[in-house]
Amino acid sequence: MAETGLLNRIEAEAHRLGFDLVGLAPATPPTTIGHYRAWLEGGYHGEMAYLARPEAVARRGDLTLLLPGVRSVVVVAASYAPYPPSAGPGDDPGRGLLARYAWGDDYHSLLLSRLCQLGTLIEAESHGAVAFRACVDTAPLLERELAVRAGLGFIGKNTNLIHPRLGSWLFLGELLLTVDIETEQAPSAEGRSTSPCGRCTRCLDACPTGALIAPYLLDARRCISYLTIELKGPIPGELRPLLGNRIFGCDLCQEVCPWNRRSGRAVAGAASQPRPDDMAPHLLELIALDDEGFRQRFGNSPVKRAKRRGLLRNVAVALGNWGDPAAVPALVQALHDVEPLVRGHAAWALGRIATPAARRALQEALPGEADGWVRQEIQQAL
């Protein structure tokens, strides 16, 4: 490495690649693995079975199962804070709200590419003596604990990592290295290992579905992000009205956080600059998307994770919550979609709007509906 030392070289290169924060953590066993296991045992992960697979849990408790011989972890963060600060989808209920991280291209490939560039540089300058593995949030590791240990922030009551200057609008990434990196530096003074949330409960109070059942404890089964992205089946009926017009993720617990209000700006080189047309798409346009239209519009977006049927399910719920009769023709069309998941939620939405045309469409669809669950939704809507 250069005479400035390995850590200084890594920090400089990470910033050059566009990361806003960089820190170092030892690859020692995580201290929060017990809390993670208890969270799983409580069933709070819902249908995200991949989180509870024995091999995945084991890897989260032992980084050597991800990279044999790992000794150090470089933790980086890239801000996706709103830019400009006033940009937002507004209050139009005829538009769907997307979580801010989904306003641009999928961040996974962007972060992974940058991390691999950083790892390749370290590998080359060590003449192959150092191996690395780049990870983003799809890898089985407890990245928020690693970020705290690296001095990148603290865990807030909303369970997000919060940096006192940049807030919680952060993408995280990790670079596992098979080398000890010695440093006399203490963790950044801007990062804290203990939470200064104090008596503030704004995030808990703001959650429409009560997913934050206690400080630092999230029941994913009630979280709008889980319901609109990870849940593959029907959204529970009692929760549908609480989603409003949120069709992919939710930012409320971050929007009300005082630490984000203090940050109040996007940093230069933010990881994912928003595209205005993608901040708040028209619901009536989305409900009409066919497979090809969905691929064209969201093929390089985080939204693709929900798949067409999941997104249109969410859009149907949002249209029902909007309650405007103008949505009836599009919902009638969705009532005959090839996907039962879409048909059932379109029926619910038509029942919410309950105009004569909506009820007539439900009555006409019922005799020919072969799916038992959809038939039940139609009957309940009537």
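Values quoted throughout were computed directly from the atomic coordinates according to the rules given, and no laboratory measurement underlies them. For clarity, every value in this text was computed on a predicted model and none was experimentally measured. A quick note on method: Cβ atoms are made from the backbone with ideal geometry, for glycine too, and the neighbour counts reach across all protein chains shown.
Things to note:
- Coordinate range along principal axes, alpha carbons of the stretch 1-42, Å, largest first: 49, 22, 10
- Net length available on complete extension from Q363 to E125 is 78.6 nm, with 0.36 nm assigned per residue and the Cα-Cα distance removed.
- Hydrodynamic radius of the stretch 120-187 by the Kirkwood approach over all distinct alpha-carbon pairs: 13.7 Å.
- HN-Hα J in Hz across the stretch 55-67 - Karplus 6.51, -1.76, 1.60, θ = phi - 60°, x for Gly and Pro: 5, 6, 5, 4, 5, 5, x, 8, 5, 5, 6, 8, 8
- Cβ charges +1 (Lys, Arg) and -1 (Asp, Glu), total dipole of the stretch 127-176, debye: 140 debye
- Each of Y36, Y226 has some number of other Cβ atoms within 10 Å of its Cβ, and from fewest to most they run Y36, Y226.
- D290-S109 pseudo-label distance in nm [points 7 Å out on the Cα-to-Cβ vector]: 2.5 nm
- Positive contributions from Lys and Arg (+1) and negative ones from Asp and Glu (-1), summed over other residues with Cβ under 10 Å from the Cβ of I247, come out at +3.
- Ellipsoid equivalent to the stretch 290-382 - semi-axes via the Cα gyration tensor, in Å: 23, 14, 10
- Reference-scaled alpha-carbon Rg (2.2 N^0.38 Å with N residues) for the stretch 24-170: 1.20
- Those Cys residues of the chain for which no other cysteine Cβ falls under 4.7 Å: C116, C135, C197, C200, C207, C223, C250, C257
- Descending semi-axes in Å of the stretch 107-248, equivalent ellipsoid built from Cα gyration tensor: 35, 21, 11
- Computing FRET efficiency as 1/(1 + (r/R0)^6) for C116 and T28, where r is the C-beta to C-beta distance and R0 is 22 Å, gives about 0.35.
- For the chain, the Cβ-based charge dipole about the Cα centre amounts to some 740 debye (Lys, Arg positive; Asp, Glu negative; other atoms uncharged).
- Based on Cα contacts under 8 Å between residues 6+ apart, the chain shows a relative contact order of 19 percent.
- Local net charge near A357, Cβ-Cβ under 13 Å (Lys/Arg +1, Asp/Glu -1): 0
- Kirkwood hydrodynamic radius of the stretch 10-106, Cα pairs, Å: 17.3 Å
- Computed from Cα atoms, the angle from the helix 307-322 axis to the main principal axis of the chain rounds to 60 degrees.
- In this structure, the amide hydrogen of T32, modeled 1.01 Å from its nitrogen in the peptide plane, lies closer than 5 angstrom to no residue at least 5 positions away or on a different chain.
- A full extension of the chain between I213 and Q379 corresponds to an added length of 56.4 nm, given 0.36 nm per residue minus the alpha carbon distance.
- Charged neighbours of G173, selected by a Cβ distance under 12 Å, balance to -2 (K, R count +1; D, E count -1).
- Here, the stretch 80-162 has an Rg and a Dmax of 17.5, 57 Å when only alpha carbons are counted.
- Along the axis of the charge dipole computed for the chain (Cβ charges of +1 for Lys and Arg, -1 for Asp and Glu, origin at the Cα centre), the listed residues C250, P325, G43 are led at the positive end by P325.
- Restricting the calculation to Cα atoms, the stretch 195-267 yields a radius of gyration followed by a Dmax of 13.4, 40 Å.
- Placed amide H near R246: partners under 5 Å, 5+ positions off or other chain: L97
- Based on the Stokes-Einstein relation at 25 °C and a viscosity of 0.890 mPa s, and on the Kirkwood radius from alpha carbon pairs, the chain is assigned a translational diffusion coefficient of 110 µm²/s.
- Here the stretch 1-73 is treated with +1 on each Lys and Arg Cβ and -1 on each Asp and Glu Cβ, and its dipole about the Cα centre works out to around 140 debye.
- H336 versus E238: modelled label distance in nm, points set 7 Å from Cα along the beta carbon direction: 3.6 nm
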